[in-house]
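If you scroll down you'll find the structure; I have some questions about it.
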Amino acid sequence: MNADWRNQIFCEDALNGLARLPDASIDLLLADPPYGLGKDYGNDSDKMESAAYLEWMAQWIDAALPKLKANGSLYIFLTWRYSPEVFVLLKQRMTMMNEIIWDRRVPSMGGSVRKYSSVHDTIGFFVKAKDYYFDLDAIRIPYDAATKKARSRKIFEGAKWLELGFNPKDVWSVSRLHREHAEREEHPTQKPLEIIERMIKASCPPGGVVLDPFMGSGTTAVAAKRCGRDFVGFELNPDYCAMIEKRLSLHPNIAPAVALA
């Protein structure tokens, strides 16, 4: 693969395409693979039995991790069904920094009557080395005026944390993209830009490269360019590839970049 792989979405199976990416060329690996829930992505990619699903997860992880730079990081979206097994798999290859809980703000309506309703996704944050890139200041959450006023005593003067904001915790309360949401595309598991942009700002340096092996609706590509980063990714469904091209074309200074394998 030549140098023009940056800012490209390749419409093909990631297991085929990853081999062509240069090793140690990626700053951040951001993965939102099928969850093993039987979702319809226009193919059978989410309809594997448990053993086959976990074997496939190990396959693409082993193909993707060599592409990370020495100080690179990985975020992976999962559910409770397979996160324990996948986390163990990744812990054998990387260092786990956080288990992040994404509270999807699902309203209290209906749900199962034989178990607790599932209203969150699990996100694993892993790094390759101790000197991994992480820019906390880029994702600090500002304090409101009342909090700043309450911390106006002499001992707080000039405190960086008070001026810039606090460190996001490991529970992220961000609404899922409901049908009427302005970001919403025709994709069953589209992630909000707010979440993806936080990951990119924190764990990919400006001008760096984000790899998404399962681009889906293209949120990672859009978020990367909005944040001043490059991207590369793969998507198996041609309809989703067309969706990504359209989304990229709607953002100023982001050229459509979808390539056939």
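The values are calculated or read from the model by the stated rules, or taken from the named source; none is laboratory data. Fair warning: this is a prediction, and the values are worked out from it, not measured in the lab. Cβ sites come from the backbone with ideal geometry, for glycine too, and all protein chains shown count toward neighbours.
Given the conditions (1) in contact with a His (Cβ under 8 Å, 6 or more places away or on another chain); (2) under 16 Å from Phe125 (Cβ atoms), report the number of the one that Met96 does not fulfil.
(1)
Hey, among the residues in the stretch 215-241 that are under 11 Å from Leu30 (Cβ atoms) and part of a loop (DSSP other than H, G, I, E, B), which one's farthest from the chain's Cα centre (by Cα)?
Among them, the one singled out is Arg229.
Next question. How many residues, within the stretch 200-214, are assigned to a loop (DSSP other than H, G, I, E, B) and in contact with a strand residue (DSSP E or B) (Cβ under 9 Å, 6 or more places away or on another chain)?
Count: 6.
Can you pull out the residues in the stretch 242-258 that are surrounded by fewer than 21 Cβ atoms within 10 Å (Cβ to Cβ) and either in a helix (DSSP H, G or I) or modelled with pLDDT of 95 or more (or both)?
Ala242, Glu245, Lys246, Arg247, Leu248, Ser249
Let me ask you something else. Considering every residue within the stretch 69-78, establish whether at least one is over 17 Å from the mean Cα position of the chain (by Cα) and either among the hydrophobic types (A, V, I, L, M, F, W, C) or within 26 Å of His181 (Cα to Cα) (or both).
yes
Could you please find all residues in the stretch 4-63 being touching a strand residue (DSSP E or B) at 6+ places or on another chain (Cβ under 8 Å) and charged (D, E, K, R)?
Those that are touching a strand residue (DSSP E or B) at 6+ places or on another chain (Cβ under 8 Å) and charged (D, E, K, R): Arg6, Glu12, Asp13, Asp27, Asp32.
For the stretch 175-199, how many residues meet the condition of being free of Cβ contacts under 8 Å to residues at least 60 places away in the same chain and outside any loop (DSSP other than H, G, I, E, B)?
Qualifying residue count for the region: 4.
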